[in-house]
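Participant: I have a structure here, written as structure tokens, and I will follow up with some questions on it.
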Amino acid sequence: MFSTNIGTIDRALRIVGGLALLLFAITGIPATGFNWIGWIGIVPLVTAAMGSCPAYTLMGVTTCPVPKRQG
């Protein structure tokens, strides 16, 4: 559906950040009343799993390495 536009480092950062946000949502630490913000962590996890970010597509950005041309 979407072309791959997320590189390895970007994907790893999205996974770590998404898991951290979800952990914040689930545990409720600190109990500030804003735990619902943590559920936004689903977005980076889904984009990392897909390997494509719709926002990157709209902006024409890619963090994938450019393949070297032969010849």
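Participant: With a 10 Å Cβ neighbour count serving as the proxy for reagent exposure, in which order, fewest first, do Ile6, Ile15, Ile29 appear?
Facilitator: Ile29, Ile15, Ile6
Participant: Helix 8-27 sits at what angle to the longest principal axis of the chain, using alpha carbons and giving 0 to 90 degrees rounded to 10?
Facilitator: Taking the Cα atoms of the chain, the angle to 8-27 is about 10 degrees.
Participant: Mind listing the phi-derived Karplus ³J(HN,Hα) values for segment 49-54, rounded to whole Hz, using 6.51, -1.76 and 1.60 with θ = phi - 60°, and x for any glycine or proline?
Facilitator: Once θ is set to phi - 60°, the couplings for segment 49-54 become 5, 6, x, 9, 10, x Hz.
Participant: Rounded to the nearest 500 deg cm²/dmol, what is the calculated helix-only ellipticity per residue at 222 nm for the chain, with -39500 (n - 2.57) per DSSP H run of length n ≥ 4?
Facilitator: Roughly -15000 deg cm²/dmol at 222 nm, from the helical runs in the chain.
Participant: Taking 8 Å as the Cα distance limit and 6 or more residues as the minimum spacing, I'd like the relative contact order of the chain as a percentage.
Facilitator: 47
Participant: Follow-up. Once you have the alpha carbon radius of gyration of the chain, what is it after dividing by 2.2 N^0.38 Å, with N set to its residue count?
Facilitator: Working it through for the chain, the quotient is 1.38.
Quick note: the coordinates plus some simple rules give every number you see, no bench work behind them. None of the values given here were measured: they were computed from a predicted structure. Backbone-built Cβ (ideal geometry, glycine too); neighbour counts: all protein chains shown.
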